[in-house]
Amino acid sequence: MRLDLAYDGTEFSGWARQPSRRTVCGVLEDTMSMVLREDVSLTVAGRTDAGVHATGQVAHVDLPSSVDVPALPKRLARALPTDVRVFSARVVPAAFDARFSALRRHYEYRVTDAAFGAHPLRRLDTLAWPRALDVAAMNAAAELLLGEHDFCAFCKRREGATTIRELQRLSLSRGDDGVITAFVSADAFCHSMVRSLIGALLAVGEGRKGVEWPGSLLSLHGRASGVTVAPAHGLSLVRVDFPGDGELGARAEATRRVRTLS
């Protein structure tokens, strides 16, 4: 069964279960297990960090055929806390894997350089930046990061995990309200990658670093000490793309292979 869900990450210590901490996975699994009277184990498309939000998260779970799937969101709405919602639930092919079948993930990062800071109603999902930002310079720097690279300079390494990723979109625009939104898409992201990319672009936007600086870090063989990880609350996972049903298994198999640069 596929679940489409959203959450306000402010009071969560990220997605993954952690002892003695409130996490999205922990709250969802415990609530679903109580409602369904079945042990529930979720697999998620993107394991968000503490404080990161989601408006388009996807997870899957294996459940008995006796479960009334269409009725599940309403049943969960009565039991879940208000900072996490399951919008829809539907049966999918057995080959569907929320993590490995995904084609790409889409994130947005909101930041404002307004003198008054973030709007009170958006303060929990918008970073207030104290200095003026040059969006054109940030976009010029972003273009140099696109494509398939080893992003180890922008990632926290995990044992046995590759840091090779294909960054498919990284662009910024300033809205009519003055808020700058960064649109970030890739086939997958390594730990802290999006927030590190944003941190590097913020340094360019305020003039501390040149346009070429973020791209030059791709030649490093380890994490760049000069990159500041942007605060979590400005980041939201907004969408996950999947292939057609007939291609789910092949996509999952390809994703599981350890990648090397061509």
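The values are calculated or read from the model by the stated rules, or taken from the named source; none is laboratory data. Fair warning: this is a prediction, and the values are worked out from it, not measured in the lab. Glycine also receives a Cβ, built like all others from the backbone with ideal geometry; neighbour counts cover every protein chain displayed. What goes into the accessible areas is simple: the full protein's heavy atoms, side chains included, and nothing from ligands, DNA or RNA. Shrake-Rupley method; radii C 1.70, N 1.55, O 1.52, S 1.80 Å.
In Å², what does the accessible area per residue of the range 89-176 work out to with a 1.4 Å probe?
Per-residue accessible area for the range 89-176 comes out at 53 Å².
With the full set of protein chains in place, find how many percent of the accessible area of the chain is carbon and sulfur; take the probe as 1.4 Å.
That fraction is 50 percent.
Tell me, what is a quarter of the convex hull surface for the C-alpha atoms of the range 77-157, in nm² with one decimal?
10.0
If you average the C-alpha positions of the range 23-74 and of the range 126-165 separately, how far apart do those two centres end up, in angstrom?
30
For K74, K209, write out the residues from largest to smallest accessible area, computed with a 1.4 angstrom probe and no ligands counted.
So the residues, ranked largest to smallest area, are K74, K209.
Take every Cα pair under 8 Å in the range 1-129 that's 6+ residues apart, average their separations, divide by the length, and report that relative contact order as a whole percent.
For the range 1-129, the relative contact order is 30 percent.
I'd like to check one number: the per residue accessible area of the range 222-262, probe 1.4 Å, reported in Å² as a whole number.
Normalised by residue count, the accessible surface of the range 222-262 is 58 Å².
How long are the semi-axes of the equivalent ellipsoid of the range 162-244, defined as square roots of 5 times the Cα gyration tensor eigenvalues? Whole Å, largest first.
Gyration-tensor ellipsoid for the range 162-244: 21, 19, 11 Å.
At each listed q (0.17, 0.18, 0.19 Å⁻¹), what is the log10 of I(q)/I(0) that the Debye formula gives for the range 1-153 modelled as equal alpha-carbon point scatterers?
So the normalised log intensities work out to -1.06, -1.13, -1.20.
Over 28 Å apart: what share of the alpha carbon pairs of the chain falls there, rounded to a whole percent?
Tail of P(r) above 28 Å: 38 percent of Cα pairs.
Kirkwood Rh, Cα Rg: Rg to Rh for the range 120-220?
Reported Rg/Rh (Cα atoms, Kirkwood Rh): 0.98.
So which cysteines of the chain have no other cysteine's Cβ under 4.7 Å from theirs?
So far as the 4.7 Å Cβ criterion goes, C25, C152 stand without a partner in the chain.
When the Kirkwood radius is taken over all Cα pairs of the range 1-65, what Stokes-Einstein diffusion coefficient follows at 10 °C and 1.306 mPa s, in µm²/s?
Result for D is 132 µm²/s.
Tell me which residues come under 5 Å, amide H to amide H, from D113 once H is placed; ignore anything under 5 positions away on its chain.
The answer is W129, I180.
What number, in percent, do you get for the relative contact order of the chain if the mean sequence gap of Cα pairs under 8 Å and at least 6 apart is divided by its residue count?
Once normalised by length, the contact order is 24 percent.
Please give the net charge around T55, taking every other residue with its beta carbon less than 13 angstrom from that of T55, where Lys and Arg add +1 and Asp and Glu add -1.
Result for the local shell: -1.
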